[in-house]
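Participant: Below you will find the structure I want to go over with you.
The values are calculated or read from the model by the stated rules, or taken from the named source; none is laboratory data. Small disclaimer: the values here were computed from a predicted structure and weren't measured. Positions of Cβ are backbone-derived with ideal geometry, glycine not excepted, and every protein chain shown enters the neighbour counts.
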Amino acid sequence: MASITRNLDQVCREAYDLIIIGGGIYGSMSLLEASRAGLKAILLEKNDFGWQTSFNSLRIIHGGLRYLQTMHFSRLYESVTERSWFLRSFPDLVRPLPCLMPLYRNLTKNRLTLRAALRLNDWLTRNRNEGLPPEFQIPDGQIIGAAETSRLFPLARSNGLRGGALWYDAVMPDSNRLLMEVLRWSACAGGTSVNYVEATELLRSDGMVRGVIAKDVLTGSDHEIEAPLVVNAAGPECRAVAQRFSEDEPTLFRPSLAWNVLLDRAPLSDGAVAVQAPTGNSQMYFAHSLGGRLFVGTGHSPVHDNTVSGPTEDGVSAMLADINRAIPGLDAQQADIKRIFWGLLPARRPGSVELASDTVILDHGQKGGPKGLFSVSGVKFTTARSAARRLVSSMTGMVTGSDNAGLPDRPTPAKYDLHPDKCGERAERIRRAREIIDNEAPNSLVDLLIRRCNLVGDPDTALSIAPDCCSAFDWSADESISQIADLAEFLKAEWRPMPN
Ligand SMILES: Cc1cc2nc3c(=O)[nH]c(=O)nc-3n(C[C@H](O)[C@H](O)[C@H](O)COP(=O)(O)OP(=O)(O)OC[C@H]3O[C@@H](n4cnc5c(N)ncnc54)[C@H](O)[C@@H]3O)c2cc1C
């Protein structure tokens, strides 16, 4: 069965080998890998699946080209292996993404250095296309001329343009659908996942983990769930959870703010472009398309704790100014911002914008904490499955391959497109919505239309089909009105600047 249902009474009667706290991509991949290793595992998410950091990524599956700069070959190989896995396992949701970087007179990023870097990258990753069908293969990178660069990216700064570096990464336009498909796949392999359930307390006896107290966020009732192993994959909250269940572990998470902007502008090219303002030590930004609009990231700001609620107005203005210097013809204004996707990521040092370089996997038992409690904290969506493999191996001693051996076939992808162009008939839309409601446990219109059906970039469609979806939920007229109001609020909460 590939269903995710929310029958807590039934779920809590079972005994488990493992409880995973957090339904972001790290928790979801941990569920998949644990199920593959034969563990009976349950994932608890206190809100909706994937609502937090995982929803806000730039949606790029990195091939790790940037790690050549720092000679981090193991990270390069890890990223490439994971990119190939995503392309092989989710051909419906992940595809190769051409990336173009215009080149100018520059000491480090010029035709010569980029040609050498792309050649080295191609050689080091020469096995990257094994097992991939032709349309998903990652071609070699190349240096192209100035005229071709301008043709592919007409707004590229023409003054001093020497050509462009063209390479390939991969993109997952609907990253939350991908996360849901990981949970459905886990369900086929015996994994259970429940949303709107918060792990509030660790149960232990004689220094060993016995399970957790789980609060049903929708009813307020508490349940005991038993398991000798607990994984804390609570993303930005993993340090707070570790502190509550064991003791503070600063290495788990020192927050740093990161954000992407969705602009009401056409994409700049068919793929992604990588741009940098010509002056000083400017940051590199990536821009590609999300739902036909221009999606640019990633801005960074230092923060000292988890209490922020997004970037400041000054932070966003500085980012737009940087982007406008990099692409003078763009002239992006704050009024063009449709939405800001932001989240907290682990920094290398307190108050730094430099992100942690490695995933942290912590066995609390080894540090004098409860035996059977583990924490995982990572910095990339791309490498969440590889982290989960290492985590499961450190818990069980079992080493799994980077393929899908031991997993059942991925279930047929859900039919989640409710757009009138794809299922014009109202009856068909209601039928599809009911299928998602029955099999994926959305609890609100926002869960259904934004996190299951990827309509975040298309508010008009989301609002136009909302009444049909209320019928699929069988809500009363009052409930439907309140749900539609919540959806409208979510969609218009495009960006409220924080005070500086
Ligand atoms: C702006 C931005 C751009 C990015 N771009 C990219 C990119 O292009 N490519 C890439 O590979 N990576 C990217 N990333 C990084 C990537 O998004 C993160 O590394 C990843 O999503 C982190 O996933 P997570 O599961 O650790 O955290 P989260 O997704 O935050 O999940 C943690 C979950 O734990 C839940 N939780 C917390 N406490 C409890 C509890 N007590 N009980 C139950 N549940 C609990 C939370 O509700 C949350 O859903 C980006 C990140 C940001 C912020």
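Participant: Given the structure, is G397 without any contact (Cβ under 8 Å) to a residue 12 or more places away in the chain and on the phi > 0 side of the Ramachandran plot?
Facilitator: Yes: the conditions hold for G397.
Participant: Also, I was wondering about something else. Please indicate, with yes or no, whether at least one residue in segment 393-406 is outside the structural domain of A34 (by TED's automatic domain parsing) and acidic (D, E).
Facilitator: Yes, there is a match, as at least one residue in segment 393-406 is outside the structural domain of A34 (by TED's automatic domain parsing) and acidic (D, E).
Participant: Can I ask one more? Examine segment 396-409 for a residue that is surrounded by fewer than 19 Cβ atoms within 10 Å (Cβ to Cβ) and farther than 29 Å from F374 by Cα, and state whether such a residue exists.
Facilitator: no
Participant: Step by step: first the residues of segment 240-262, then only those that are touching a residue at least 24 places away in the same chain (Cβ under 8 Å) and assigned to a loop (DSSP other than H, G, I, E, B), then the one that is nearest to the chain's Cα centre (by Cα). Which residue is that?
Facilitator: The residue in question is F253.
Participant: Inside segment 439-464, can you point out the residues that are in contact with a helix residue (DSSP H, G or I) (Cβ under 6 Å, 6 or more places away or on another chain), of a type in the set (A, V, I, L, M, F, W, C) and more than 21 Å from G24 (Cα to Cα)?
Facilitator: A462 - this is the single residue of segment 439-464 that is in contact with a helix residue (DSSP H, G or I) (Cβ under 6 Å, 6 or more places away or on another chain), of a type in the set (A, V, I, L, M, F, W, C) and more than 21 Å from G24 (Cα to Cα).
Participant: Identify all residues within segment 95-125 that are under 24 Å from T382 (Cβ atoms) and aromatic (F, W, Y); write none if there are none.
Facilitator: W123
Participant: Then there's this: Within the group R162, R111, R119, which residue is of a type in the set (D, E, K, R), modelled with pLDDT under 95 and more than 16 Å from the ligand (Cβ to nearest atom)?
Facilitator: Result of the check over R162, R111, R119: R111.
Participant: Now for a different question. Looking only at segment 243-269, filter to residues that are within 11 Å of the ligand (Cβ to nearest atom) and not aromatic (F, W, Y); which one of those is surrounded by the most Cβ atoms within 10 Å (Cβ to Cβ)?
Facilitator: V261
Participant: Considering only residues that are acidic (D, E), more than 9 Å from the ligand (Cβ to nearest atom) and part of a strand (DSSP E or B), which ones fall in segment 191-206?
Facilitator: If the condition is that a residue be acidic (D, E), more than 9 Å from the ligand (Cβ to nearest atom) and part of a strand (DSSP E or B), then E201 is the only one that fits.
Participant: Something else about it: Does A321 count as more than 16 Å from the ligand (Cβ to nearest atom), surrounded by fewer than 18 Cβ atoms within 10 Å (Cβ to Cβ) and aliphatic (A, V, I, L, M)?
Facilitator: Spelling it out, A321 is indeed more than 16 Å from the ligand (Cβ to nearest atom), surrounded by fewer than 18 Cβ atoms within 10 Å (Cβ to Cβ) and aliphatic (A, V, I, L, M).
Participant: Hey, among the residues in segment 16-47 that are under 21 Å from L58 (Cα atoms) and among the aliphatic types (A, V, I, L, M), which one's nearest to the chain's Cα centre (by Cα)?
Facilitator: The residue in question is I25.
Participant: So T307 passes all but one of these: (1) more than 30 Å from Q366 (Cβ to Cβ); (2) buried (at least 17 other Cβ atoms within 10 Å of the Cβ). Which condition number does it fail?
Facilitator: With respect to (1) more than 30 Å from Q366 (Cβ to Cβ); (2) buried (at least 17 other Cβ atoms within 10 Å of the Cβ), T307 is out only on (2).
Participant: I need the helices (runs of 4 or more DSSP H) fully contained in segment 420-499, keeping only those with at least 1 residues that are in contact with a Cys (Cβ under 9 Å, 6 or more places away or on another chain) and of a type in the set (D, E).
Facilitator: 477-492
Participant: Is it the case, given these coordinates, that N7 is within 12 Å of the ligand (Cβ to nearest atom) and surrounded by fewer than 22 Cβ atoms within 10 Å (Cβ to Cβ)?
Facilitator: no
Participant: Could we say that D48 is more than 18 Å from D122 (Cβ to Cβ), assigned by TED's automatic domain parsing to the domain that holds A384 and more than 14 Å from the ligand (Cβ to nearest atom) here?
Facilitator: no
Participant: Right, here's the next one. Within segment 218-264, which residues are in contact with an Asp or Glu (Cβ under 7 Å, 6 or more places away or on another chain) and among the basic types (K, R)?
Facilitator: Once the filter is applied, which keeps residues that are in contact with an Asp or Glu (Cβ under 7 Å, 6 or more places away or on another chain) and among the basic types (K, R), segment 218-264 yields only R239.
Participant: Another question, then. Is there a residue in segment 377-396 that is within 23 Å of the chain's Cα centre (by Cα) and in a strand (DSSP E or B)?
Facilitator: Looking through segment 377-396, at least one residue is within 23 Å of the chain's Cα centre (by Cα) and in a strand (DSSP E or B).
Participant: Have a look at S386, S377 and point out the one that is modelled with pLDDT of 95 or more, under 30 Å from V316 (Cα atoms) and either surrounded by 15 or more Cβ atoms within 10 Å (Cβ to Cβ) or in contact with a Phe, Trp or Tyr (Cβ under 6 Å, 6 or more places away or on another chain) (or both).
Facilitator: S377
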